[in-house]
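Heads up: the structure comes next, in structure tokens.
The values are calculated or read from the model by the stated rules, or taken from the named source; none is laboratory data. Since we're looking at a predicted model, the values are computed, not measured. Reconstructed Cβ throughout: ideal geometry from the backbone, glycine too, with neighbour counts over all protein chains shown. For accessibility, only protein heavy atoms count, side chains too; no ligands or nucleic acids. Shrake-Rupley method; radii C 1.70, N 1.55, O 1.52, S 1.80 Å.
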Amino acid sequence: MTRPENIIVLKDLYKHFGEVRALDGVNLNVAQGKVIVVIGPSGSGKSTMLRCINHLEAPTSGEVWIDGQQLGKNEKELNEIRTEVGMVFQLFNLFPHLTALENVMIAQKVVRGRSKSEARKIAMDQLNRVGIPEKADVHPSNLSGGQQQRVAIARALAMNPKIMLFDEPTSALDPEMIKEVLDVMLDLAKEGMTMVCVTHEMGFARSAADEVIFMDNGQIVEHTTPHDLYNNPKEERTKLFLSQILQH
Amino acid sequence: MEPSAPKLDIRDDDRKRSLRDQPWWFYAIILIFIWAAYIFYARENYNEAFQFIKVGIGVTIKTSLISYAFALILGLLAGLGRISKNIFFNNLARLYVELIRGIPMLVLIFFIALVGVPMLVDGVNALGVWFTEIGLGFLGTPLSAFGNKSLTMNTRAIVALSVTYGAFLAEIFRAGIQSIERGQMEAARSLGMSYGQAMRHIILPQAVRNVLPALGNDFVAMVKDSSLVSILAVRDITQVSRLYAGSTFRFREAYITVSVMYLSITVMLSLLVQVMERRLSKND
């Protein structure tokens, strides 16, 4: 099998919640190693699109392809594909009954079938990578928001994913903690990880993103480079949104 | 700390408050126990009643413990069924819970022990006959020989209590699982865990921890409700005290004794639950 050109392919994706059209015909190709930043007003379908990529949300219709494999209804296949797609959530969603280290170990043991010592070694490596090895034995409730989010990133990375999805990873953080999380994300981007990030951190988009997507009303309105999006947006809706968030 | 505060007034206030905050009700219970210990020891009638009735303590404790263990398993299964997306398991669990909750426990115990268990035995016998007919005699013979007699009233009482309390515990487990944020399941699934793996390693450990006090309270309730199995002539402390009262007409001695026995078991267990609750809240 030849390697597909695009590691993520979304084709005619629709997602309806009752009357609400959260996704209204989304098409997207993401090449290996690219960093995509998704922006847009709340309710525009950014998160829903992200959650469709790993089928936490099953789309109403349309196709999702990950690394040449189409996501379907088969739970077992879905579980396998999800191990290749790491996800980081706005509210961290760390497992509160486990220490930071155990948070990073659990899925390795349960899903990947790694031995305890192997999982521990990989977990420590990942905690080192995100810069908090000293918090290994601390429970999430005793960590700051920034530290929790970094553990969450380590937890996803420990599965050796090919793709990382970030769902507003810094929106729930105090301002002084945003940088430590963005720094980790920047390092990841430099290392060539394929990333799709829903975020309004414009600095991150400028320095790390290969492409920026502006979404509104469940559709991709504009898909271009960060430079073009910020300097000469083509669509009226994009201009309006940017003027609103860049005002201050 | 402000050292300038007028100390004397505060101390006076403290003394009043500390009197008001005393658990007087608990001291009263202790007094009851002391008084009971005294009469069991010193008064001949009470001593005789105590010696007679204490024989049933083993049955009461054994019945409660075994029934509770089975109820935990049934309750967990039914609780998982209640939140399952599978229409069959979901409705089966709901039916079970609603049937049990809609019938008085006394009637349920009669029904399960005297109707349900014999019906089950008939079913097993029929299965045995069928096995023999299709040539599986080695399976069929023991199954068709399986009689009602091989299930004692003690066993049936345990079946009845387990089935009844399983429905109550199911609702506790369901509430516990539903108290865990949705994000926990999503995070586990996003890491590639199956629904079952996520339940077992992520959701249930947290859910069970949250409902431990409720589970403990239901164990106390079950110890008390185990007295209902005396109607099946199971010789627990209730049944033995009835026997004692009936044969001696010493109703006062019999029922004071059995009441104190239940009270000491339940007070002890309630204290344990409280300690557990405090431990858990400290860890949060």
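Just list whichever of A:Lys135/A:Lys179; A:Lys46/A:Lys190; B:Lys62/B:Lys85; A:Lys34/A:Lys135 have alpha carbons separated by over 26 Å in the model shown. Exceeds cut-off: B:Lys62/B:Lys85; A:Lys34/A:Lys135. Within the protein assembly as shown, antiparallel bridges make up roughly 55 percent of the DSSP beta bridges whose residues both belong there. Straight-line cross-link partners of A:Lys73 among the aspartates and glutamates, defined as a Cα under 20 Å from its Cα and at least 8 positions apart when in the same chain: A:Asp12, A:Glu57, A:Glu63, A:Glu84, B:Glu186. A Cβ-based charge dipole, computed about the Cα centre of the stretch B:109-196 with Lys and Arg at +1 and Asp and Glu at -1, lands at about 120 debye. Sorting B:Asp122, A:Asp167 by accessible area puts them as B:Asp122, A:Asp167; the probe is 1.4 Å, largest comes first, and only protein heavy atoms count. Taking the alpha-carbon centroid of each part, what is the distance from the stretch A:180-248 to the stretch B:230-244 in angstrom? Here the two parts' Cα centres lie 76 Å apart. Sorted into 5 angstrom bins from 0, the C-alpha pair distances of chain A split as 1, 6, 13, 17, 19, 17, 13, 8, 4, 1, 0, 0 percent. With all protein chains in place and a 1.4 Å probe, the accessible surface of chain B carries 66 percent carbon and sulfur.
Dividing the radius of gyration of the alpha carbons in the protein assembly as shown by their Kirkwood radius gives 1.12 for Rg/Rh.
With a Förster radius of 22 Å applied to the C-beta separation of A:Asp174 and B:Leu280, the computed FRET efficiency comes to 0.15. Positive end of the dipole of chain A (Cβ unit charges, origin at the Cα centre): among A:Val181, A:Ser117, A:Gly18, the Cα lying farthest that way belongs to A:Ser117. For chain A, the Cβ-based charge dipole about the Cα centre amounts to some 620 debye (Lys, Arg positive; Asp, Glu negative; other atoms uncharged).
Every helix of 4 or more DSSP H residues in chain B counts as -39500 (n - 2.57), and over all residues that averages to -26000 deg cm²/dmol at 222 nm. Other protein chain C-beta atoms within 10 Å of residue C-beta, averaged over B:191-202: 6. Residues of the stretch B:204-232 that lose at least 40 Å² of accessible area (1.4 Å probe, protein heavy atoms only) when the other protein chains are present, relative to their chain alone, are B:Gln206. Would you work out which of A:Gly72, A:Gln126, A:Gln108 lies farthest towards the positive end of the dipole of the stretch A:29-129? Charges go on Cβ: Lys and Arg +1, Asp and Glu -1. With unit charges placed on the Cβ atoms, the residue in question is A:Gln126.
Distance between the modelled labels on B:Gln22 and A:Asp183, one decimal in nanometres: 6.0 nm (7 Å Cα→Cβ projection). Per-residue Karplus couplings for the stretch A:22-27, computed as 6.51 cos²θ - 1.76 cosθ + 1.60 with θ equal to phi - 60°, are listed in order as 6, 10, 10, x, 9, 10 Hz, Gly and Pro entered as x. Its relative contact order, with pairs defined as Cα atoms under 8 Å and 6+ residues apart, puts the stretch B:53-283 at 29 percent. Within chain B, the longest run free of trypsin sites (Lys or Arg not before Pro) that sit in a DSSP loop with at most 13 other Cβ atoms within 10 Å is B:86-284.
With r as the distance between the Cβ atoms of B:Gln178 and A:Gln244 and R0 = 45 Å, compute the FRET efficiency 1/(1 + (r/R0)^6) and round to 0.05. Rounded to the nearest 0.05, the efficiency is 0.70. Placing +1 on the Cβ of every Lys and Arg and -1 on the Cβ of every Asp and Glu, with no other charges, gives the protein assembly as shown a dipole of roughly 1820 debye about its Cα centre. Toward the positive end of the charge dipole of the protein assembly as shown, with +1 on the Cβ of Lys and Arg and -1 on the Cβ of Asp and Glu, the farthest Cα among A:Leu240, B:Met268, A:Phe95 is that of B:Met268.
Residues whose amide H falls under 5 Å from that of A:Val38, counting only those 5 or more places apart or on a different chain, are A:Cys197, A:Val198, A:Thr199, A:Ile213, with hydrogens built in the peptide plane. Heavy atoms of the protein chains alone define the surface here; on that basis the protein assembly as shown has 52 Å² accessible area per residue at 1.4 Å probe size. Here the stretch B:53-283 is described by how far its Cα atoms reach on the three principal axes: 68, 60, 30 Å, from widest to narrowest.
Note on chain A: with neighbouring protein chains present and a 1.4 Å probe, carbon and sulfur make up 47 percent of its accessible heavy-atom surface.
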